[in-house]
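Take a look at the structure set out below.
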Amino acid sequence: MNRLIKNKMLLFTAFVIFFILFISYRIFINIFQEYEDLSQSTTINVLSDETYKFKSLKSNKTNVRQGPSLGHDILWTYQKRNLPVEVLEDIQGWSRIRDYEAKTGWIKNTLISSNRTAIVTPWHIPDKNSHFSEIYQNNDKKQLEMRLQSGVIIKIIECDGALCKLEVSNREGWINQDLIFGVYQGEIISKSD
């Protein structure tokens, strides 16, 4: 009987040790995952003025840092997924970005998506009066489809250099390219981009 209790205690102790080692391993993996991403991305790719590109944020919470590493201070945190940002520079897994308020900072590339989005007339967001932009059913601008308030984030489907086809809340329409932040003036985006 005494030996049975000792065997059960030994088995229980082995299980507890295994459990602690397993949890420690999982914690170690989670803590150092971001570090491993950084060390694997050792190529330096610096973009020039001609290769600036709009992208969007993948996460609902994205820290913007003073420089391209975790050691730099956090300047602010975006709380909005799909927010369009302009990539100004790309160095060792980090991108220097500019937002619609012309603020710049550094974001880890794993938090940036190539999905093209835009924000409707962000320069009107601080206005006390609501501002709405017209969205047309077709690019001939003959029939109004809807109106979108400043600050609404849209998905870009295509642009012809003057107008962009967009999707928002499962509805599609066309908007003047100069009413959105997330595409360059005159930029042409085909459906396959």
* To do: Tell me, please, whether a residue that is surrounded by 15 or more Cβ atoms within 10 Å (Cβ to Cβ), among the β-branched types (V, I, T) and either part of a loop (DSSP other than H, G, I, E, B) or under 19 Å from the mean Cα position of the chain (by Cα) (or both) can be found in the range 162-176.
  => yes
* Asked: Is it true that S48 is touching a helix residue (DSSP H, G or I) at 6+ places or on another chain (Cβ under 7 Å), modelled with pLDDT under 95, within 30 Å of I156 (Cα to Cα) and open to solvent by less than 60 Å² (accessible area, probe 1.4 Å)?
  -> no
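Report whether or not Q143 is free of Cβ contacts under 8 Å to residues at least 12 places away in the same chain and open to solvent by 20 Å² or more (accessible area, probe 1.4 Å). It would help to see each step written out before you state the result.
Working: free of Cβ contacts under 8 Å to residues at least 12 places away in the same chain: yes; open to solvent by 20 Å² or more (accessible area, probe 1.4 Å): yes.
Yes; evaluated as a whole, the condition is true for this residue.
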* Count of the range 90-106 residues which are crowded, with 17+ Cβ neighbours inside 10 Å and either over 22 Å from V152 (Cβ atoms) or of a type in the set (S, T, Y) (or both) -> 9
* Search the range 72-92 for residues that are assigned to a strand (DSSP E or B) and pair each with any residue that is open to solvent by 50 Å² or more (accessible area, probe 1.4 Å) and of a type in the set (G, A, S) when their beta-carbon atoms are under 8 Å apart and the residues are at least 6 apart or on different chains. => none
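Could we say that N2 is over 25 Å from R81 (Cβ atoms), at pLDDT below 80, surrounded by fewer than 10 Cβ atoms within 10 Å (Cβ to Cβ) and out of contact with any Gly (no Cβ under 6 Å at 6 or more places or on another chain) here?
Working: over 25 Å from R81 (Cβ atoms): yes; at pLDDT below 80: yes; surrounded by fewer than 10 Cβ atoms within 10 Å (Cβ to Cβ): yes; out of contact with any Gly (no Cβ under 6 Å at 6 or more places or on another chain): yes.
In short, yes.
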* Asked: G93 versus (1) out of contact with any Asp or Glu (no Cβ under 9 Å at 6 or more places or on another chain); (2) on the phi > 0 side of the Ramachandran plot: which is the lone unmet condition?
  -> (1)
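The values are calculated or read from the model by the stated rules, or taken from the named source; none is laboratory data. Computed from a prediction, not measured in an experiment: that's the story for all the values here. Note: ideal-geometry Cβ built from the backbone for every residue, glycine included; neighbour counts use all protein chains shown. We work out accessible area using only protein heavy atoms, side chains counted, and drop any ligands, DNA or RNA first. Shrake-Rupley method; radii C 1.70, N 1.55, O 1.52, S 1.80 Å.
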